[in-house]
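In what follows, a structure is listed as C-alpha cells, so that the remarks can point back to it.
The values are calculated or read from the model by the stated rules, or taken from the named source; none is laboratory data. These numbers were taken from a predicted model, which means no experiment stands behind them. Cβ placement follows ideal geometry from the backbone for every residue including glycine, while neighbour counts extend to all protein chains displayed. Only protein heavy atoms, including side chains, enter the accessible area calculation; ligands, DNA and RNA are left aside. Shrake-Rupley method; radii C 1.70, N 1.55, O 1.52, S 1.80 Å.
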Amino acid sequence: MARFPLARAFFPPMRKAVAGFIFVALVAMLLGTSSLAVLHSTLHSQDQLITGYMEDVVLTQELVTANTHLMHRTSDFLLFEDERYLAGLQQARLNFGTVIAQLTRHEPRTPEERRLVEHFLETRTRASPVLERIIDRRLKEGPASGPQLLAELQPIRVELEKTLNALADHERERYWEARYQTRSNSTHALGMLALGFLGTVLVALALGVFLLRALRQRVRAETERAGMLEREHAAHRAVEERQALLDLVIEQSGDAIVVTDAQGVIQLFNAEAERQHGVTRQQVSAPEWASTFGLLTLDGQPLPLSETPLYRALEGEPVSNARWLVRRPDGSVRTLCGTASPLHRPDGSPVGAVLTARDETERLALEQQRDESLERLRTTAEFRERFLGIVGHDLRNPLNAITLSARVLLVSEALPERELKAVRRIASSADRMVRMISELLDFTRSRLGGGMPVDPSLADLSAICREALEELETSHPGSRLSLRVLGHGLGEWDSGRLSQVISNLVGNALQYSPEGSPIRVTVDGHAPHEVMLSVHNEGAPIPEDVLPELFEPFRRGTRERTHNSGGLGLGLYIVQQIILAHGGTLSAESHSGDGTTFTARLPRDNPGRLAMLVN
C-alpha cells in the first residue's frame, strides 16, 4: 500500500461507492421487487374483477336466452295440440329457474346491479302466477284459446324482456368500464415503475420491457376478443333482421307458399295458403295431404298422392303450371294453379320441396262467361244473317210474280192512263225490292259463304261498262254519264258481278250528286297486269270521319241525298266484296271542290278463282 498511494486514495472511496452502489442497487431491487409485487397484485385483482364481470355478462346473457326459450316454448304450447310442447315448456321453465338460481347466488357488486336484480326478481314473481294461470286455462280450454292466451302473455313477456335487457346492458357497460379503468391503472403503474427503476437501468429496462410486452399482448388480446364479440352480435342481429324480412314476405305474399321437409311433413303454410284451403297449417305427412287439405282432381275426384305437385317435387321432379281443385271445409271448391320445385342443399342433398299456388277460380269463371257471351253473339249473328238470306230468297218468288204481272199490265192497251201510272209505281217499287233482296242475298253469301262467289272468264271491262251505263241511262233519263277508255280492258273476270259493281258505283254517284251534273267513268288499261276503274261525281264531299267506315254493311252516307233511292246501305259493301273476290282493291277519295272518286284496281289474272276452288 505504501508503494501505491493512488490506490490507497482510490480504493476506500471505491469501496464506499461500491457499497453505496450495492446498497442503492439492493434498495432499488427491493423497491422494484415491491413495485412488481404491488403491480402484480393489482393486475391480478383487476383481472379477477374483470373475469367476474365477464361471468356476470355471460350469466345475464344465459338468462336472456333462457327467458326467450321459455317464451317460445310457451307460445308453441298455447298454439299447438301436441303434448310434447307441454314437456318442452316444463323443461324450459326448469332451465329458466336454474339460471335464476345461479343469478341469486351471486352477491350484487353495485347498488344499481342490486336494484336491477331485485326488479327482475319482482317481475318474475309477478309473472309466475300469471304463467301458471295461462297454462291451466290452456290445458282446460284446448288449442282454440291459444291466440287469446298468447295475447294475455304478451305484457308479461315484454316486461320480463325489458328488465332482462336492462340488466344485461348494465353488466356489459360495467364490464367495459372496468376494462377501461384497468387499462388506465396499468398505464399509470408502468409509469411509476419506470420512474422507480431509473437507477437500475438493466433490471428496470428488462422488467419494463417484459411487463410492457405482456401488457400489450393482453390489451391486444382483449381488444380482439371484444371486436370479435361485437362482430358476432352484429352478425346475429343481421341474421335476425333478414329472417324477419323473409317471414314478412312469405306471410304477405299474394301466392300460397307451402314447404315440406325431406320426409314430406309440412313445415310452412302461409296466410294465403290458409285462405285458399280454408284450414290452418297442420304438420301431416305426405299420405294425409289430400284428406287434410281437400285436394281434388279437375273432375272432382280425390287427388292421388303421386299426382300432387308437391309430392312430385319431393320425388325430384319440377312441376310448373299444374292445376287442381280444393274443397274447403265450408263446401266451396276453388281452382288452384301452381308450381312446385325440389329443395337441395349446396352439396346436392335433398331437404324438401316448395309449392307456390294462386287461386284462379274467379279468372276461370270470367273466361267461361266471356266465351259463353261470345258464342251467344256468334250464334245470334249467324242466325240473323241466315234469316236475312232465307227471307230474301223466299221473297223473290212473289216479287217475280208482281214484276211479271206489272209488265203484262204495262203492255196492255186496255188500261186507262190513271191505272197505268199506278202500275208503273208498282213495277218501280217491285224493282227496288228486287235490288234490295239481291243485295241481302249477296250480303248473306259473303258473310256465310267465306266471300262473294264469282265465276271469272275472259271479258272486256270497257264493254261491261258500256252495257251497264246504257241500262242506267235508260232507267235514269236526263243523267250525264260518260265513259273514257285508256288502253285495253281485257282480263279474267265475272262479267255479271263487275256489271253490278259499275251499277252500284254509278247509282251511288247519281244518288249523291246534283241532278244533271256529269258522272265520269274511266277504264285505264295501260298497266300490263291490272286495269283501273274509277267513277267520279261532283257531289258534296264525304265527311272525313265517315270515310274509314264507308264500306261497312248497312252503312249509309251522311251527305245530303239528291235522290231518294230507298236502299239498305249494302251497295258499297257488296262492291268491295266483289272487288276483293277478284283479288283487287277499292278506295275512295273525297275533297271539297274536287268531288268524290271511287277507284278499283283489278288484276287481269284473277287469283280469286283458286280461292273459290279451295273454299
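Odds and ends about this structure:
- Scope region 238-283; condition over 22 Å from PRO342 (Cβ atoms) and charged (D, E, K, R); matching residues: GLU240, GLU241, ARG242, ASP247, GLU251, GLU274, ARG275
- Taking each residue of region 216-230 that is assigned to a helix (DSSP H, G or I) and looking for partners that are small (Gly, Ala, Ser) with beta-carbon atoms closer than 9 Å, six or more apart or interchain, yields ARG218/SER186; VAL219/SER186.
- Looking at ARG363, ARG334, ARG327, just one residue is among the basic types (Lys, Arg) and in contact with an Asp or Glu (Cβ under 6 Å, 6 or more places away or on another chain), and that residue is ARG334.
- Residues that are assigned to a strand (DSSP E or B), free of Cβ contacts under 8 Å to residues at least 60 places away in the same chain and within 21 Å of the chain's Cα centre (by Cα) within region 248-269 comprise just one, PHE269.
- The set of residues from region 310-321 being open to solvent by less than 40 Å² (accessible area, probe 1.4 Å) and touching a helix residue (DSSP H, G or I) at 6+ places or on another chain (Cβ under 6 Å) comprises just one member, VAL319.
- Failed condition for ARG327, given (1) within 24 Å of GLN252 (Cα to Cα); (2) open to solvent by less than 80 Å² (accessible area, probe 1.4 Å): (2)
- Looking only at region 133-153, and only at residues there that are open to solvent by 70 Å² or more (accessible area, probe 1.4 Å) and of a type in the set (Asp, Glu), the one that is farthest from the chain's Cα centre (by Cα): ASP136
- Selected residue (criterion: nearest to ILE574 (Cα to Cα)) from residues of region 492-507 that are in contact with a strand residue (DSSP E or B) (Cβ under 9 Å, 6 or more places away or on another chain) and crowded, with 22+ Cβ neighbours inside 10 Å: VAL501
- Looking only at region 568-593, and only at residues there that are polar (S, T, N, Q) and outside any helix (DSSP H, G or I), the one that is surrounded by the fewest Cβ atoms within 10 Å (Cβ to Cβ): SER592
- Enumeration of residues in region 156-171 that are charged (D, E, K, R), within 25 Å of THR51 (Cβ to Cβ) and open to solvent by 10 Å² or more (accessible area, probe 1.4 Å): ASP169
- Selection from region 270-283 of residues that are under 17 Å from THR335 (Cα atoms) and either open to solvent by 40 Å² or more (accessible area, probe 1.4 Å) or among the aromatic types (Phe, Trp, Tyr) (or both): GLU274, ARG275, GLY278
To keep it simple, each residue is scored yes or no on (1) within 19 Å of ASN165 (Cβ to Cβ); (2) exposed (fewer than 15 other Cβ atoms within 10 Å of the Cβ).
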{"residue": "ASP56", "(1), (2)": "yes, no"}
{"residue": "THR60", "(1), (2)": "yes, no"}
{"residue": "THR68", "(1), (2)": "yes, no"}
{"residue": "THR74", "(1), (2)": "yes, no"}
{"residue": "LEU79", "(1), (2)": "no, no"}
{"residue": "LEU86", "(1), (2)": "no, no"}
{"residue": "THR98", "(1), (2)": "no, yes"}
{"residue": "GLU112", "(1), (2)": "yes, yes"}
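- Considering residues of region 284-309 that are assigned to a helix (DSSP H, G or I) and touching a Gly at 6+ places or on another chain (Cβ under 7 Å) only, the residue surrounded by the fewest Cβ atoms within 10 Å (Cβ to Cβ): ALA286
- Matching residues, region 310-345, being of a type outside the set (Asp, Glu), part of a loop (DSSP other than H, G, I, E, B) and farther than 22 Å from ARG363 by Cβ: GLY316, PRO318, PRO329, ARG345
For every residue, the table says whether it meets (1) assigned to a strand (DSSP E or B); (2) among the small types (Gly, Ala, Ser); (3) out of contact with any Asp or Glu (no Cβ under 8 Å at 6 or more places or on another chain); (4) over 20 Å from THR596 (Cα atoms).
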position	(1), (2), (3), (4)
VAL485	yes, no, yes, no
GLY491	yes, yes, no, yes
SER499	no, yes, no, yes
SER503	no, yes, no, no
VAL506	no, no, yes, no
LEU510	no, no, yes, no
PRO514	no, no, no, no
THR522	yes, no, yes, no
